[in-house]
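The values are calculated or read from the model by the stated rules, or taken from the named source; none is laboratory data. Keep in mind that what you see is a predicted model, and the values were worked out from it rather than measured. Backbone-built Cβ (ideal geometry, glycine too); neighbour counts: all protein chains shown. Side chains included, ligands, DNA and RNA excluded: accessible areas come from the protein's heavy atoms. Shrake-Rupley method; radii C 1.70, N 1.55, O 1.52, S 1.80 Å.
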Amino acid sequence: MIGYIETPHLPENAVKDIIIGKKYRKLLEKPLEKYNINAMWLPDNPYVDRRLSGHTDLSAVHLGKNRLAAAEYLLNCEQFNNLELISLNNQMSSEYPHDAVYNICVAGSYLIVNEKTADPSLLKYFQNKKLISCKQGYSKCSVCVVDEGSIITADKGIAVKA
């Protein structure tokens with residue numbers, strides 16, 4: 001049975017189920033199995049540049065618990081039957097910033113986001129978070145959430161704002 005993380009990126013127990021791009025299956029399937037981690041392999045995103053099509057954070061964002069805001073192409077994927085998928089009906093394309101509409105970073109009680117690139121309807125799900133506005137449209141791609149009050153980033157703008 002799948003357990004759900006209450007707050008995105010901050011599991012309270014060992015992670016047993018993840019969503020990851022199918023593009024990385026050959027490379028990661030065996031190592032994940034070694035640690036008893038079940039992967040739900042996300043199909044490539046047809047709306048973004050082919051080189052980025054396996055990046056989960058360009059296709060979906062975890063809203064907490066079993067809720068996932070997801071690109072339209074994911075709405076009928078059987079492997080996500082246990083999730084409440086929310087479509088934002090945005091206009092994704094391979095051109096930046098239209099490929100970064102789901103690319104927001106939830107870090108505990110903070111939301112790191114470029115409000116010009118993120119889908120505006122997505123932000124309403126995080127009204128209880130303190131907004132850290134940044135210029136980086138790929139804010140989730142640029143951040144590793146460590147704990148409630150710590151992140152790792154190589155992006156100087158995000159580091160200064162955080």
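Test Ala70 against the stated conditions and say whether it is small (Gly, Ala, Ser), under 21 Å from Ile158 (Cβ atoms) and buried (at least 20 other Cβ atoms within 10 Å of the Cβ). Can you show your working first?
Details: small (Gly, Ala, Ser): yes; under 21 Å from Ile158 (Cβ atoms): no; buried (at least 20 other Cβ atoms within 10 Å of the Cβ): yes.
Taking the combined requirement at face value, the residue does not satisfy it.
Sort through Asn45, Asn38 and tell me the only one that's more than 25 Å from Asn90 (Cβ to Cβ), without any contact (Cβ under 8 Å) to a residue 60 or more places away in the chain and in contact with a helix residue (DSSP H, G or I) (Cβ under 9 Å, 6 or more places away or on another chain).
The match here is Asn38.
So how many residues does the stretch 16-64 have that are over 21 Å from Val101 (Cα atoms), part of a loop (DSSP other than H, G, I, E, B) and either open to solvent by less than 50 Å² (accessible area, probe 1.4 Å) or among the β-branched types (Val, Ile, Thr) (or both)?
Summing the residues that are over 21 Å from Val101 (Cα atoms), part of a loop (DSSP other than H, G, I, E, B) and either open to solvent by less than 50 Å² (accessible area, probe 1.4 Å) or among the β-branched types (Val, Ile, Thr) (or both) in the stretch 16-64 gives 1.
Would you pick out the residues in the stretch 83-110 that are surrounded by 15 or more Cβ atoms within 10 Å (Cβ to Cβ) and small (Gly, Ala, Ser)? Steps first, answer last, please.
Looking only at the stretch 83-110, we keep the residues that are surrounded by 15 or more Cβ atoms within 10 Å (Cβ to Cβ), and these are 83, 85-86, 88, 90, 92, 94, 98-108, 110.
Result: Ser94, Ala100, Ala107, Gly108.
When you check Asn66 against the structure, is it modelled with pLDDT under 95, farther than 21 Å from Ile112 by Cβ, out of contact with any Leu (no Cβ under 6 Å at 6 or more places or on another chain) and of a type in the set (S, T, N, Q), yes or no? Walk me through how you get there before you give the answer.
Values: modelled with pLDDT under 95: yes; farther than 21 Å from Ile112 by Cβ: yes; out of contact with any Leu (no Cβ under 6 Å at 6 or more places or on another chain): no; of a type in the set (S, T, N, Q): yes.
Spelling it out, it is not the case that Asn66 is modelled with pLDDT under 95, farther than 21 Å from Ile112 by Cβ, out of contact with any Leu (no Cβ under 6 Å at 6 or more places or on another chain) and of a type in the set (S, T, N, Q).
Residue by residue, here is whether (1) in contact (Cβ under 8 Å) with a residue 12 or more places away in the chain; (2) under 30 Å from Ala159 (Cβ atoms) holds:
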{"residue": "Asn81", "(1), (2)": "no, no"}
{"residue": "Ser87", "(1), (2)": "yes, no"}
{"residue": "Gln91", "(1), (2)": "no, no"}
{"residue": "Val101", "(1), (2)": "yes, yes"}
{"residue": "Ile112", "(1), (2)": "yes, yes"}
{"residue": "Ala118", "(1), (2)": "yes, yes"}
{"residue": "Leu123", "(1), (2)": "yes, yes"}
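Out of curiosity, is Ser121 assigned to a loop (DSSP other than H, G, I, E, B) and among the small types (Gly, Ala, Ser)? Quick ask: steps written out before the conclusion?
Working: assigned to a loop (DSSP other than H, G, I, E, B): no; among the small types (Gly, Ala, Ser): yes.
No, not satisfied.
Scanning the stretch 135-156 for residues that are among the small types (Gly, Ala, Ser) and open to solvent by 40 Å² or more (accessible area, probe 1.4 Å), which turns out nearest to Ser59 (Cα to Cα)?
Step one: list which residues in the stretch 135-156 are among the small types (Gly, Ala, Ser), which gives 137, 139, 142, 149-150, 154.
If we keep only those that are open to solvent by 40 Å² or more (accessible area, probe 1.4 Å) too, we end up with 149-150, 154.
Numbers: Gly149: 26, Ser150: 25, Ala154: 22 Å.
The selected residue is Ala154.
Quick one: count up the residues across the stretch 124-134 that are open to solvent by 50 Å² or more (accessible area, probe 1.4 Å) and either in a strand (DSSP E or B) or hydrophobic (A, V, I, L, M, F, W, C) (or both). Spell out the reasoning first.
Of the residues in the stretch 124-134, the ones open to solvent by 50 Å² or more (accessible area, probe 1.4 Å) are 124-125, 127-128, 130-131.
Keeping just the survivors that are either in a strand (DSSP E or B) or hydrophobic (A, V, I, L, M, F, W, C) (or both) gives 130-131.
Count: 2.
Which condition breaks for Ile152 when tested against (1) touching a residue at least 12 places away in the same chain (Cβ under 8 Å); (2) outside any loop (DSSP other than H, G, I, E, B); (3) not aromatic (Phe, Trp, Tyr)?
(1)
Answer with yes or no whether Asn13 is open to solvent by 40 Å² or more (accessible area, probe 1.4 Å), over 26 Å from Gly108 (Cβ atoms) and not in a helix (DSSP H, G or I).
On the way: open to solvent by 40 Å² or more (accessible area, probe 1.4 Å): yes; over 26 Å from Gly108 (Cβ atoms): no; not in a helix (DSSP H, G or I): yes.
Taking the combined requirement at face value, the residue does not satisfy it.
Pick from Asn103, Asn76, Asn82: which is at negative phi and either modelled with pLDDT of 90 or more or part of a helix (DSSP H, G or I) (or both)?
Working: Asn76 fails: either modelled with pLDDT of 90 or more or part of a helix (DSSP H, G or I) (or both); Asn82 fails: either modelled with pLDDT of 90 or more or part of a helix (DSSP H, G or I) (or both).
Asn103 is the lone residue from the list that is at negative phi and either modelled with pLDDT of 90 or more or part of a helix (DSSP H, G or I) (or both).
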